[in-house]
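Take a look at the structure below.
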Amino acid sequence: MKHSSRLVAAFLSAALLAACGGGNNGLYSSTPTSVARSQSALGPHAAHGVTEKVLYSFAGGSDGEHPLNEALIAANGTFYSSTERGGDSGCQSGDGCGTVFKLSTSGAESVLYSFGGTPDGQYAKGGVVERSGVLYGTTQSGGKYGGGAFFKVTTSGTETVLHSFGNPGYYGPYAGLIYVQADDKFYGTTIYGGTGICGTSGLGCGTVFSVTPSGKETVLHSFAGGKDGDFLTGSLVYSNGELYGTTQLGGGGGGSTCSNSSVPAGCGTIFSVSTSGKEKVLYSFTGGSDGAYPDGGLINVSGTLYGMTGGGGGKLCSGGCGTIFELSASGKFHGVHSFQGPPNDGASPFGNLTNVKGTLYGTTQQGGKSTACTASSGTTGCGVVFRVTTSGKENMLYSFTGAPDGAEPIETLLYLNGMLYGTTYLGGTGSCSNGCGTVFSLSGF
């Protein structure tokens, strides 16, 4: 299986598809769209005692396909999230505009809603969040203006577009939303738009926005590029009135190390934005041992921020295999781990870390023991699940093999009742070229 390497994740899903071919009550009576397939794995691809199980393989077509950049949420024994493609037959190449789905812990899946493209949503990324028993999320495209949509879906499948991005001049929500109960608002980011001008396209450098449950949206900060920051693909984290996040480009660090068509673009930043819109760059990546291109979000562990970069760090991968880092409350940056790549470590981490009792868990898009997947950069491996202590001791827990267990786990893990749950973008037994993706569980870690 061939898949795309990714450092800068601009419309990652489209590139991958081109390269690869392609609290509620939790009580439901609908019939699953297809029968779940289970696969347990132990041995050369799993650490001792660790078991991986495929709960569901997306089928494509009217079912969902390719869950991307999202996290499962759980309510009363049911998981909810979104897929970028699948559903109806519309949108690019007729492979569907994306779905919102539900899944039981035993693997019974059904599609709650299939997006229809403009003026509805199109290409759901980032999953969904729950407020008062209703699911909310964003799509990267679609809506009235084509620049994306903020939507809600009931657990019975009724969908409403609450806000359409793209007018005036901001669009492209790529990361998942967060909900802050203290002010009853959702917060998110866009990869383009705003008042800044970045790149030759002039599409803007990205924004941080808030949106109310009724759909009133406010741009809190427009990134300016350069030393400020550019291209936001990670979700936000909230703490004491401040929002923290990353930009994948900008910051002014790295020189030719981080360039776009030989033009320095910056290796990315860590920033804060107050809920009133005051922004501050906290750290600029250099592309060296600290990392480059932080395309995921941050988590807060006892006042310290932790995150990952897709590049930089060790030189065993082209452009580096990626890093895990921390930023203290006083602003001190520290590298926690540099990924070493295949066969004994992951490469190109993606999504957010998950804190389980002070130990961090996450996934990488590439690396691991399998040779079934090869990136365009030459890095092998179908991705891994790993754990790392805050002092930097890292272990690879499971290496994906492509089919049937999955490939490219580009998401954030969910910890629930002693188990880790997640998704893969590719792999499984579905009808898509290289598989339509999976939902999996990991136990025994």
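The values are calculated or read from the model by the stated rules, or taken from the named source; none is laboratory data. Keep in mind that this is a model prediction, so the values were computed, not measured. Note that we place each Cβ from the backbone using ideal geometry, even for glycine, and neighbour counts take in every protein chain shown.
Odds and ends about this structure:
- Only residues that are within 21 Å of Val211 (Cα to Cα) and either among the aromatic types (Phe, Trp, Tyr) or in contact with a helix residue (DSSP H, G or I) (Cβ under 8 Å, 6 or more places away or on another chain) (or both) were counted across the stretch 240-280, and they come to 2.
- Scanning the stretch 254-277 for residues that are part of a strand (DSSP E or B), modelled with pLDDT of 80 or more and of a type in the set (Val, Ile, Thr) turns up Thr269, Ile270, Val273.
- Residue match in the stretch 381-400 (condition: closer than 24 Å to Thr257 by Cα, modelled with pLDDT under 95 and either in contact with an Asp or Glu (Cβ under 7 Å, 6 or more places away or on another chain) or buried (at least 24 other Cβ atoms within 10 Å of the Cβ) (or both)): no
- Residue under evaluation Ser141, criteria (1) in contact with a strand residue (DSSP E or B) (Cβ under 8 Å, 6 or more places away or on another chain); (2) of a type in the set (S, T, N, Q); (3) closer than 20 Å to Leu420 by Cα, criterion not met: (3)
- Count of residues meeting criterion [more than 22 Å from Leu414 (Cα to Cα) and surrounded by fewer than 20 Cβ atoms within 10 Å (Cβ to Cβ)] in the stretch 341-368: 2
- Val273 within 21 Å of the chain's Cα centre (by Cα) and among the aliphatic types (A, V, I, L, M): yes
- Residue match in the stretch 310-323 (condition: part of a strand (DSSP E or B) and of a type in the set (A, V, I, L, M, F, W, C)): no
- Among residues of the stretch 106-155 being surrounded by fewer than 24 Cβ atoms within 10 Å (Cβ to Cβ) and of a type in the set (Phe, Trp, Tyr), the one that is nearest to Lys185 (Cα to Cα) is Tyr136.
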